[in-house]
1. Find the residue count for the range 106-115, including only residues that are of a type in the set (A, V, I, L, M, F, W, C) and over 15 Å from Ser7 (Cβ atoms).
2. Based on this model, can you work out whether Ser70 counts as of a type in the set (Ser, Thr, Tyr) and free of Cβ contacts under 8 Å to residues at least 24 places away in the same chain?
3. Taking the range 63-93, which residues are hydrophobic (A, V, I, L, M, F, W, C) and either more than 18 Å from Val12 (Cα to Cα) or open to solvent by 30 Å² or more (accessible area, probe 1.4 Å) (or both)?
4. Determine, yes or no, whether Thr112 is under 14 Å from the mean Cα position of the chain (by Cα) and in a strand (DSSP E or B).
5. Give the number of residues within the range 65-82 that are assigned to a loop (DSSP other than H, G, I, E, B) and touching a strand residue (DSSP E or B) at 6+ places or on another chain (Cβ under 9 Å).
6. Which condition number does Leu85 fail, the rest of (1) in a loop (DSSP other than H, G, I, E, B); (2) touching a Gly at 6+ places or on another chain (Cβ under 7 Å); (3) over 16 Å from Leu18 (Cα atoms) being met?
7. For the range 8-57, enumerate the residues that are in contact with a helix residue (DSSP H, G or I) (Cβ under 7 Å, 6 or more places away or on another chain) and either open to solvent by less than 50 Å² (accessible area, probe 1.4 Å) or closer than 10 Å to Met78 by Cβ (or both).
Amino acid sequence: QVQLVESGGGLVQPGGSLRLSCAASGIIFNNYAMGWYRQAPGKQRELVATITKGGSTNYADSVKGRFTISRDNAKRTMYVQMNSLKPEDTAVYFCNANWGAAHYWGQGTQVTISS
C-alpha cells in the first residue's frame, strides 16, 4: 500500500520559515519524481516545486528564491525548506509521487502564515 505522509506544517509569522517533510512507503522511491503542491481556500491546487529522481528541480515563480526542495533517497523522504514566508503562502501543502502513469498524493499539511 502506497503512503505519502506529510509533516511539518503549522502557524508562523510572515518572514518566518518552515520545513515540510514527505515520507514515502510502498513505492520504489528512487524511481519517482516528487513534488509539492498547495491549495488555498477557494483556489485550485497549484504546483510549488518538483524534483526528479536525478535531483533536478523546478519551482513556481512565486516561490523561487524562497523555497528549496530536496530529497533523501536513503530515507525515502522529500523536503521543502520554506523561508521568507508570506501570508499568500497559506495553503494545504500536498506531496506528490509520479512515475509514468502512477500518481500518488498525500493527505496534506496545513501551513498558515499570519501575524
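1. Of the residues in that region, 1 qualify.
2. Against the criterion (of a type in the set (Ser, Thr, Tyr) and free of Cβ contacts under 8 Å to residues at least 24 places away in the same chain), Ser70 qualifies.
3. Answer for the range 63-93, where residues must be hydrophobic (A, V, I, L, M, F, W, C) and either more than 18 Å from Val12 (Cα to Cα) or open to solvent by 30 Å² or more (accessible area, probe 1.4 Å) (or both): Ile69, Ala74, Met78, Val92.
4. So Thr112 does not fit the description; no.
5. 4
6. (3)
7. Answer for the range 8-57, where residues must be in contact with a helix residue (DSSP H, G or I) (Cβ under 7 Å, 6 or more places away or on another chain) and either open to solvent by less than 50 Å² (accessible area, probe 1.4 Å) or closer than 10 Å to Met78 by Cβ (or both): there is none.
The values are calculated or read from the model by the stated rules, or taken from the named source; none is laboratory data. In this text, all values refer to a predicted model and were calculated from it rather than measured experimentally. Glycine gets a Cβ as well: all are built from the backbone with ideal geometry, and neighbour counts include every protein chain shown. Please note that ligands, DNA and RNA were not included when accessible areas were found on the heavy atoms of the full protein model with its side chains. Shrake-Rupley method; radii C 1.70, N 1.55, O 1.52, S 1.80 Å.
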